[in-house]
Amino acid sequence: MLNRLAFAISFTNRLFCYISAALSIILMVLIVGDILSRLLLHTSIEGTPIFSRNAVVGMTFLALPWLTWEGKHLRSDLLLSRTKGVAKKILEGLAGLVATVMLVLYSYALIKPTLRAFNINEMDVEGTTFIPIAPFYVICLLGCILATLGSVGFFMRKMKEKDAQESEVKPSGFEI
């Protein structure tokens, strides 16, 4: 059961990451088109700045769950590389706990703005362009929830890996 749940979360995280990559390609084409339009036609593509502003946030939170699931997010290994044994396990556990608590708190903080955006039909307005904000809040909220699950999953896999390494019998003598 847990393996199926882990597979579903991993698949969803990977799908979100691919959507984030596609969104970044669309954003690159849109920005280049806007620049060329300004240069050649002396007019801009309406809504490009507003879409860019919101898409960057969406892309970040779509990619975040996969990064935390794989443990590829930015972290400092300076202390971990200099510690061994129980101290290393404590530091890794503390880092996993802090990341998970931070993501849970951020998810909780996003609930009210998301509900408010739906209730008042909040729009980001620039000129005559109206972009609804609620989908971006939903993306951020889902991204945070999945990143929390990814952080917990990575932490659990890391602890299993450490236990397996400690239970292995280390060969005596010289190793090449």
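Each value in this text was obtained by applying a stated rule to the coordinates, not by laboratory testing. Treat the numbers as computed from the prediction; the structure is a model and nothing was measured. Note that each Cβ is placed from the backbone with ideal geometry, even for glycine, and that neighbours are counted across all protein chains shown.
Quick notes on this structure:
- Pairs of lysine residues in the chain that meet both criteria, 8 or more places apart or on different chains and Cα atoms under 26 Å apart, total 21.
- For the chain, built as a Gaussian network whose Cα springs stay under 10 Å, the top-fluctuating residue of GLY150, GLY33, GLY85: GLY85
- Computed from the C-beta positions of ILE111 and VAL29, the FRET efficiency with R₀ = 41 Å rounds to 0.75.
- The Cα-based radius of gyration of the chain, divided by its Kirkwood radius, gives an Rg/Rh of 1.13.
- Per-peptide packing, taken as the mean over residues of other Cβ atoms within 10 Å, places 50-62, 17-29 in the sequence 50-62, 17-29 from highest down.
- Basic side chains Lys and Arg get +1 at the Cβ, acidic Asp and Glu get -1 at the Cβ, and with that the dipole of the range 2-166 about its Cα centre reaches some 720 debye.
- Net lengthening on full extension, GLU46/LEU80 (0.36 nm per residue, minus Cα-Cα): 7.3 nm
- Cα pair distances of the range 8-59 binned at 5 Å [whole percent]: 5, 20, 22, 18, 13, 9, 6, 4, 2, 1
- Extended-chain gain in nm, criterion 0.36 nm per residue less alpha-carbon gap, THR129 and LEU15: 38.1 nm
- Nitroxide proxy distance, nm - points 7 Å out along Cα→Cβ at MET102 and LYS160: 2.5 nm
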